[in-house]
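Chemist: Quick one: this structure, given as structure tokens, is what I'll be asking you about.
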Amino acid sequence: MKADIRDIIESLKCYIELERLSGVDEYCRTSTDAGKTHNEPEAIDALKNEVIHCTRCDLHKTKRHYVFGAGSPAARLMFVGEAPGEDEDAQGLPFVGRAGQLLTKIIEAMGLTRQDVFIANILKCRPPNNRAPLPTEILACQEYVQRQITCIRPKVICTLGKFASQTLLKSEVPISALRGTFREYGGIKVMPTFHPAYLLRNPPDKKLVWEDMKKIMKALSRD
Ligand code: SF4
């Protein structure tokens, strides 16, 4: 609990520091922003219906629930992780375990809620025992996240961890080298950063992730 409070205080300090340095008084807008011209909630519903009947790879046989993703179809910021874990598989929702709780804190420290953003994974079904996704599984499933991005058209995508970053950016560069610099996917800014599960094991690197989040907040504040 003490560590959680320290994390929140640290996040708030960074948030206030950014406010002071940038002179920007509004970082992120809600889904009703005038700058967001269009998105396709019907298309994303249709895509969800497609995903929850998917049998493209064997993971559908061992999963409990498909985890399509959650959040606003008009989100200006989209997070993309690797794959559902045990908690996500049980609830059918993305990032609801310990790593997910940390991601929620990061989102809230950015002045947003989970309802303002969209959270998805590359894989929609849990790999057994949380093993790493197989290349064949990524190949089978990646089209879904690509179509989610097409439907939502976020201004910024934040990829969480090695698998999401390397898959979306078609790169083999290690996440430690990818993170911290905006990349590009289909004309959309992509900020690769560490996965929250990694941060649970390596708390000192939270400050690096917060640096990445500050860059995202600046990018979101620009229009
Ligand atoms: S992981 Fe993706 S491709 Fe494989 S069955 Fe699930 S939804 Fe289909």
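The values are calculated or read from the model by the stated rules, or taken from the named source; none is laboratory data. Computed from a predicted structure; not experimentally measured. So basically every Cβ, Gly included, is an ideal-geometry build from the backbone, and we count neighbours across all protein chains shown. We work out accessible area using only protein heavy atoms, side chains counted, and drop any ligands, DNA or RNA first. Shrake-Rupley method; radii C 1.70, N 1.55, O 1.52, S 1.80 Å.
Chemist: Determine which single condition Pro203 fails, assuming it passes every other condition in (1) away from the ligand (no atom under 16 Å from the Cβ); (2) open to solvent by less than 20 Å² (accessible area, probe 1.4 Å); (3) of a type outside the set (Val, Ile, Thr).
Modeler: Unmet condition: (2).
Chemist: Next up: For the stretch 48-117, list the helices (runs of 4 or more DSSP H) that sit wholly inside it and hold at least 1 residues that are more than 30 Å from Leu220 (Cα to Cα); which are they? Let's see the steps before the verdict.
Modeler: Details: elements: 59-62, 86-91, 98-109.
Qualifying helices (runs of 4 or more DSSP H): 59-62, 86-91.
Chemist: Here are some conditions: (1) within 17 Å of the chain's Cα centre (by Cα); (2) closer than 18 Å to Leu160 by Cβ. Gly111 meets all but one. Which one does it not meet?
Modeler: (2)
Chemist: Could you tell me whether any residue of the stretch 205-223 is polar (S, T, N, Q), under 21 Å from Glu88 (Cβ atoms) and outside any loop (DSSP other than H, G, I, E, B)? I'd like the intermediate steps shown before the answer.
Modeler: Let us first name the residues in the stretch 205-223 that are polar (S, T, N, Q), namely 221.
From what is left, the residues that are under 21 Å from Glu88 (Cβ atoms) are none.
Checked against the condition, which is being polar (S, T, N, Q), under 21 Å from Glu88 (Cβ atoms) and outside any loop (DSSP other than H, G, I, E, B), the stretch 205-223 yields no hits at all.
Chemist: Just to be sure I understand, how many residues within the stretch 178-197 are in contact with a Leu (Cβ under 9 Å, 6 or more places away or on another chain) and surrounded by fewer than 17 Cβ atoms within 10 Å (Cβ to Cβ)?
Modeler: Narrowing the stretch 178-197 to residues in contact with a Leu (Cβ under 9 Å, 6 or more places away or on another chain): 178-180, 183-185, 190, 192-197.
From what's left, surrounded by fewer than 17 Cβ atoms within 10 Å (Cβ to Cβ): 180, 184-185.
Of the residues in that region, 3 qualify.
Chemist: Condition check: outside any helix (DSSP H, G or I) and either within 13 Å of the ligand (Cβ to nearest atom) or buried (at least 23 other Cβ atoms within 10 Å of the Cβ) (or both). Does Ile138 satisfy that? Explain how you work it out, then say what you get.
Modeler: Values: outside any helix (DSSP H, G or I): no; either within 13 Å of the ligand (Cβ to nearest atom) or buried (at least 23 other Cβ atoms within 10 Å of the Cβ) (or both): yes.
No.
Chemist: Can you report the number of residues in the stretch 38-62 which are under 19 Å from Pro127 (Cα atoms) and either open to solvent by 40 Å² or more (accessible area, probe 1.4 Å) or away from the ligand (no atom under 12 Å from the Cβ) (or both)? Talk me through it step by step, then tell me what you get.
Modeler: Taking the stretch 38-62 as the starting set, the residues that turn out to be under 19 Å from Pro127 (Cα atoms) are 51-62.
Narrowing further to those that are either open to solvent by 40 Å² or more (accessible area, probe 1.4 Å) or away from the ligand (no atom under 12 Å from the Cβ) (or both): 52-53, 55-56, 58, 60-62.
So the count comes out to 8.
Chemist: Continuing with the same structure: Under the condition of being open to solvent by 10 Å² or more (accessible area, probe 1.4 Å) and among the acidic types (Asp, Glu), which residue from the stretch 80-124 is farthest from the ligand (Cβ to nearest atom)?
Modeler: If we take residues in the stretch 80-124 being open to solvent by 10 Å² or more (accessible area, probe 1.4 Å) and among the acidic types (Asp, Glu), then Glu108 is farthest from the ligand (Cβ to nearest atom).
Chemist: Can you tell me which condition Val173 does not meet? The list is (1) under 25 Å from Lys105 (Cα atoms); (2) not in a helix (DSSP H, G or I), and all the others hold.
Modeler: Result: Val173 passes all but (1).
Chemist: Give the residues of the stretch 48-99 that are touching a residue at least 60 places away in the same chain (Cβ under 8 Å) and among the aliphatic types (A, V, I, L, M), sorted by residue number.
Modeler: Val51, Leu59, Ala74, Ala75, Leu77, Met78, Val80, Ala83, Ala99
Chemist: Identify the residue in the stretch 157-177 that is surrounded by 22 or more Cβ atoms within 10 Å (Cβ to Cβ) and of a type in the set (A, V, I, L, M, F, W, C) and, among all such residues, is farthest from the ligand (Cβ to nearest atom).
Modeler: Cys158
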